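S.K.: Following this message is one structure expressed as structure tokens.
Derivation of every value follows stated rules applied to the coordinates shown; laboratory data play no part. Predicted model, so just to flag it, every value in this text is computed and none were measured. Cβ: placed from backbone, ideal geometry, glycine included. Neighbour counts: every protein chain shown.
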Amino acid sequence: MFEKLLTEQPNPATERIDRVSTVEMLELVHSEDRRAAYAVTPEIPRIAQAVDAIVQAMRQGGRLFYIGAGTSGRLGVLDASECPPTFNVPHDLVQGIMAGGDRALARATEASEDDPASGARDLIERGFARKDVLCGIAASGRTPYVLGAIEKAREMGAVTIGISCVPDSLLTQAVDIAITPLTGPEVITGSTRLKAGTATKMVLNMLSTGVMIRLGMTYGNLMVNVRPTNEKLADRARRIIMRTTGADYKKAAGMLEQAGGSVRTAIVMGKLSVSREEAEKRLESAGGVVAKAIARE
């Protein structure tokens, strides 16, 4: 069963990896890592489909949940945990669920991945609802814990996404949107923390970043949803306003204060020479997207 999985096949390119120089060994690892990036490229249309589905759900009050076991679960938790500090969004907007719970993040408890019922149970205990989106992560595409959670989410009528590295897997067949970078045999046979993990991290980066951009958390490539809660962040906020409006530092500080600490509001105020009230109305009408709020002029 397992020996037929693409991720479990031996890699001819690295058969002698233990008998070459350290430099040659690392060159082999790096060469295989590049294949992970190439494997993601054909999946971009499905990743885009997933981003749009998540954005639609979030605009209607939904959230994004990642669920996985082992490396896959840890990558999901990592991506979820980075969203609040990067984009200043609520901590529950993107959540990671890990087989075995938080203790499995540092100490492997891989046996917990074999129970589909616990996957469904953990999902429900987190308060998952029909309006939410579930992204199951499993390099093999067959992890029972993940499949159990996906089945429960589908029963509830929620949108489901699957990230795996095996073609025509059980996960691929079970979800609404299947993202399947085919990374091939690993450097170390079966060690999916390597190429499969690298490709998975790249996909997760695209998902969360793409969603946040679509939700208006950036203007261009600037993090305009930053909140000036300390001096460092206040300085960053002022510099963003300076860069986008052409104001000097002192004026940018005043604009930020007039905007009630909202960088997005300050930018619209500065760009269009409108009041805070008018800027806020425009942003609300534009779904919080600064570029759209300005374009509406």
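S.K.: May I ask you to compute the full-extension gain from THR41 to GLU155, defined as 0.36 nm times their residue separation minus their alpha-carbon distance, rounded to one decimal in nm?
M.R.: In short, 37.9 nm is gained.
S.K.: With respect to the cross-link table entries LYS152/LYS201; LYS232/LYS292; LYS251/LYS281; LYS195/LYS232, which display a Cα-Cα separation exceeding 31 Å?
M.R.: LYS195/LYS232
S.K.: Taking 7 Å along the Cα-to-C-beta vector as the label spot, tell me the ALA48-SER191 distance in nanometres, rounded to one decimal.
M.R.: With each label point 7 Å from Cα toward Cβ, the separation is 3.6 nm.
S.K.: Once you list every other residue whose beta carbon is under 13 Å from the beta carbon of ALA237, what net charge do they have if Lys and Arg are +1 and Asp and Glu are -1?
M.R.: It works out to a net charge of +4.
S.K.: For the chain, modelled as a Gaussian network with Cα springs under 10 Å, which listed residue fluctuates most, GLY96, GLY260, GLY73?
M.R.: For the chain, modelled as a Gaussian network with Cα springs under 10 Å, the answer is GLY260.
S.K.: Multiply the residue gap between ASN230 and ASP102 by 0.36 nm, knock off their C-alpha separation, and tell me the result in nm, one decimal place.
M.R.: The span from ASN230 to ASP102 would gain 43.1 nm if fully extended.
S.K.: Still on this structure: Of MET58, ALA286, PRO84, which is farthest on the positive side of the dipole of the chain, counting Cα position, with +1 on Lys and Arg Cβ, -1 on Asp and Glu Cβ, and the Cα centre as origin?
M.R.: Positive-most Cα among the choices belongs to ALA286.
S.K.: If you place +1 on the Cβ of every Lys and Arg and -1 on the Cβ of every Asp and Glu, how big does the dipole about the Cα centre of the chain come out, in debye to the nearest 20?
M.R.: 1220
S.K.: Mind pulling the angle between the C-alpha long axis of helix 231-245 and the longest principal axis of the chain? Nearest 10 degrees, somewhere in 0 to 90.
M.R.: Rounded to the nearest ten degrees, it is 70.
S.K.: Using each residue's phi in the stretch 215-227, evaluate 6.51 cos²θ - 1.76 cosθ + 1.60 at θ = phi - 60° and report the 3J(HN,Hα) Karplus result to the nearest Hz, with x for Gly and Pro.
M.R.: So the Karplus estimates, Gly and Pro as x, are 7, x, 6, 10, 10, x, 10, 9, 7, 7, 8, 4, 10 Hz.
S.K.: Can I ask one more? Taking 7 Å along the Cα-to-C-beta vector as the label spot, tell me the THR22-SER81 distance in nanometres, rounded to one decimal.
M.R.: About 3.0 nm separates the two model spin labels.
S.K.: Shifting gears a bit: What length, rounded to one decimal in nm, is gained on full extension from SER275 through to GLU125, with 0.36 nm per residue of separation minus their alpha-carbon distance? Before the final figure, lay out each step's value.
M.R.: On the way: separation 150, 0.36 × 150 = 54.00 nm, distance 4.48 nm.
So the extension gain works out to 49.5 nm.
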